[in-house]
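*Asks:* My structure is below; once you've seen it, I'll send some questions.
The values are calculated or read from the model by the stated rules, or taken from the named source; none is laboratory data. Everything quoted here is computed from the prediction, not taken from an experiment. Here the Cβ positions follow ideal geometry from the backbone for every residue, glycine too, while neighbour counts run over all protein chains shown. For the accessible areas, the whole protein counts, side chains as well, though only heavy atoms, and no ligand, DNA or RNA atoms are used. Shrake-Rupley method; radii C 1.70, N 1.55, O 1.52, S 1.80 Å.
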Amino acid sequence: MARKTIIAGNWKMNLLPADGEELVAELNEQVEIKENLEVVICPQMALVPLALDWIYDSVIQLGAQNCAEKLSGAFTGETSPELLKVLGCRYCLVGHSERRSLYGETDELVGRKTQALLNMGITPIVCVGESLAQRESGDHFTTIDTQISVVFSQLDQTAWTRLVFAYEPIWAIGTGKTATPGQAVEIHQHIRNKIKEIAGHVVANATSILYGGSANAANAADLLGESEIDGLLVGGASLKAKDFSQIIASF
Ligand code: PEP
């Protein structure tokens with residue numbers, strides 16, 4: 001079975017309700033759904049319940065940017081995966097590099113959040129990727145191997161086939177420097193081989209691996225043209241309807 005292609009917009013901490021509503025209204029007009037393609041928007045948390053209305057009757061799916069590792073309790077400021085489920089989120093980003101670097105999220109925590117999402121039937125988009133220093137010192141493969149194997153170590157085996165990964169080289173996020181399709185493919189193949197080593201070829205072949213890092217309307221077709229790249233995680237360019245819909249149209 002062909003792997004699903006996912007094009008997800010990470011709005012980060014941007015857009016107020018009126019802007020979000022306008023953006024989604026434009027996307028609803030411009031985005032055409034295609035077989036095997038999922039289009040997802042990931043607004044900041046307080047916009048999620050509003051966004052559920054905006055995407056009513058639309059081809060666009062809803063995702064969140066982060067969640068707690070627990071479902072309820074004394075965790076001030078956190079958001080339960082159970083609440084995300086009730087609010088209509090089909091997807092949730094986990095381990096985005098901004099969460100790792102600014103909020104100290106470890107690989108273990110990312111793994112536990114991933115399992116919590118899977119328990120609620122939400123598809124986690126697990127972000128992995130190396131810093132510029134790690135790439136320059138040749139440590140990018142081992143960095144990514146550790147990120148992946150620690151996540152798997154926290155998961156029930158029954159959940160293995162429901163994971164999505166996003167390869168996001170930190171040096172490409174929000175910098176305008178995109179990995180070349182060749183660089184992305186090299187890492188995507190490496191990630192798939194690592195998954196195969198841990199979970200076997202059935203899981204590896206079924207797992208969608210997205211690319212993220214300055215993806216835009218000009219480079220999306222080249223990236224999506226690679227059979228190893230099963231979609232895109234888009235930050236800045238997902239905030240403009242014209243850009244995001246052009247990215248989607250390039251699939
Ligand atoms: C991201 O934050 O996930 C991302 C890919 O951002 P950008 O597209 O702006 O580089």
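*Asks:* In terms of modelled amide H atoms, which long-range or inter-chain residues lie less than 5 Å from the amide H of T123?
*Replies:* Under 5 Å from the amide H of T123 lie the amide H atoms of Y91, C92, each far enough along the sequence or on another chain.
*Asks:* Given the options G63, G111, G138, state which has the largest fluctuation in a GNM of the chain using a 10 Å cut-off (strictly under) for Cα springs.
*Replies:* G138
*Asks:* Another one. Explain nothing, just the number: relative contact order of the range 150-251, from Cα pairs under 8 Å at least 6 residues apart, as a whole percent.
*Replies:* 29 percent
*Asks:* Cα centroid distance between the range 7-51 and the range 80-146, in Å?
*Replies:* 20 Å
*Asks:* While we're here: Let me check I've understood the local charge: for E78, count other residues with C-beta under 12 angstrom from its C-beta, Lys and Arg +1, Asp and Glu -1. What total comes out?
*Replies:* On the way: positive: K70, K113; negative: E69, E82.
Charge balance in the 12 Å sphere: 0.
*Asks:* Over the alpha-carbon set of the range 70-210, work out the extent along each principal axis and list the three values in angstrom, largest first.
*Replies:* Computed over the range 70-210, the largest-to-smallest principal extents equal 43, 34, 23 Å.
*Asks:* Top mean-square fluctuation among D145, D107, D156, Gaussian network model of the chain, C-alpha springs under 10 Å?
*Replies:* Result: D156 has the largest fluctuation of those listed.
*Asks:* Follow-up question, since we're still on this one. Can you list which of the chymotrypsin sites (Phe, Trp or Tyr not before Pro) found in the range 1-104 are DSSP loop residues with at most 15 other C-beta atoms within 10 Å? Walk me through the numbers on the way to the answer.
*Replies:* Numbers: sites: W11, W54, Y56, F75, Y91, Y103; in loops: W11, Y56, F75.
Listed in order of number, the matching sites are Y56, F75.
*Asks:* A further question on this structure: On the protein heavy atoms, probe 1.4 angstrom, tell me the percent of accessible surface of the range 1-44 carried by carbon and sulfur.
*Replies:* Working: 1200 of 2400 Å².
Within the range 1-44, the accessible surface is 50 percent carbon and sulfur.
*Asks:* Restricting to lysines 8 or more places apart or on different chains, can you count the pairs in the chain with Cα atoms under 25 Å from each other?
*Replies:* 24
*Asks:* Provide the per residue accessible area, probe 1.4 Å, for the range 1-143, rounded to a whole number of square angstrom. Before the final figure, lay out the partial values.
*Replies:* Values: 7010 Å² over 143 residues.
Result: 49 Å² of accessible area for each residue.
*Asks:* If I stretch the segment between D19 and V150 completely, what's the gain in nm (0.36 nm per residue apart, minus their alpha carbon distance), one decimal? Walk me through the numbers before you get to the answer.
*Replies:* Values: separation 131, 0.36 × 131 = 47.16 nm, distance 3.80 nm.
Taking D19 through V150 to full extension adds about 43.4 nm, to one decimal.
*Asks:* Please state the charge dipole magnitude for the chain, taken about the Cα centre, from unit charges on C-beta atoms (+1 on K and R, -1 on D and E), reported in debye and rounded to the nearest 20. Could you put the intermediate results ahead of the total?
*Replies:* Numbers: 19 positive and 30 negative charges, 80 e Å.
The dipole magnitude comes to about 380 debye.
*Asks:* Return one whole number: the accessible area per residue of the range 207-246 in Å², for a 1.4 Å probe. Can you show the working numbers first?
*Replies:* On the way: 1290 Å² over 40 residues.
Accessible area per residue, the range 207-246: 32 Å².
*Asks:* Here's something else I'd like to know. Compute the normalised compactness of the range 1-139: alpha-carbon radius of gyration over 2.2 N^0.38 Å, N being the residue count. Don't skip to the end; give the middle numbers.
*Replies:* Details: Rg = 15.9 Å, N = 139, 2.2 N^0.38 = 14.3 Å.
Dividing the Cα Rg of the range 1-139 by 2.2 N^0.38 Å gives 1.11.
*Asks:* From the convex hull of the Cα coordinates of the range 132-232, what is the mean projected area in square nanometres? Can you show the working numbers first?
*Replies:* Values: hull surface 25.2 nm².
The directionally averaged projection comes out at 6.3 nm².
*Asks:* Take the Cβ-Cβ distance between V86 and D139 as r, set R0 to 35 Å, and report the resulting FRET efficiency rounded to the nearest 0.05.
*Replies:* Working: r = 41 Å, r/R0 = 1.17.
Working from the Cβ atoms, E equals 0.30.
*Asks:* If you don't mind, there's one more thing I want to ask. Pop out the carbon and sulfur fraction of the accessible area of the range 105-158 as a percent, whole number, probe 1.4 Å. Could the numbers behind the result be given before it?
*Replies:* Working: 1000 of 2100 Å².
C and S fraction of accessible area: 48 percent.
*Asks:* Suppose only helical runs count, i.e. DSSP H with n ≥ 4. What mean residue ellipticity at 222 nm does that imply for the chain under -39500 (n - 2.57) per run, divided by all residues and rounded to the nearest 500 deg cm²/dmol?
*Replies:* Values: 11 runs with 105 residues, N = 251.
Value at 222 nm, helices only, nearest 500: -12000 deg cm²/dmol.
*Asks:* Let me ask you something else. Under 8 Å for C-alpha pairs, at least 6 residues apart: give me the relative contact order for the range 86-187, rounded to a whole percent.
*Replies:* Details: 128 pairs, mean separation 31.4, N = 102.
That works out to 31 percent.
*Asks:* Continuing with this model, one more query. If the elastic network links every pair of Cα atoms under 10 Å, which of E186, E35, E21 fluctuates the most in the Gaussian network model of the chain?
*Replies:* Answer for the Gaussian network model of the chain: E35.
*Asks:* Let me ask something additional. How large is the Kirkwood hydrodynamic radius of the chain, in angstrom, based on all distinct alpha carbon pairs? Walk me through the numbers before you get to the answer.
*Replies:* On the way: mean 1/r = 0.0557 Å⁻¹.
Taking the inverse mean of 1/r over all distinct Cα pairs, the chain comes out at 18.0 Å.
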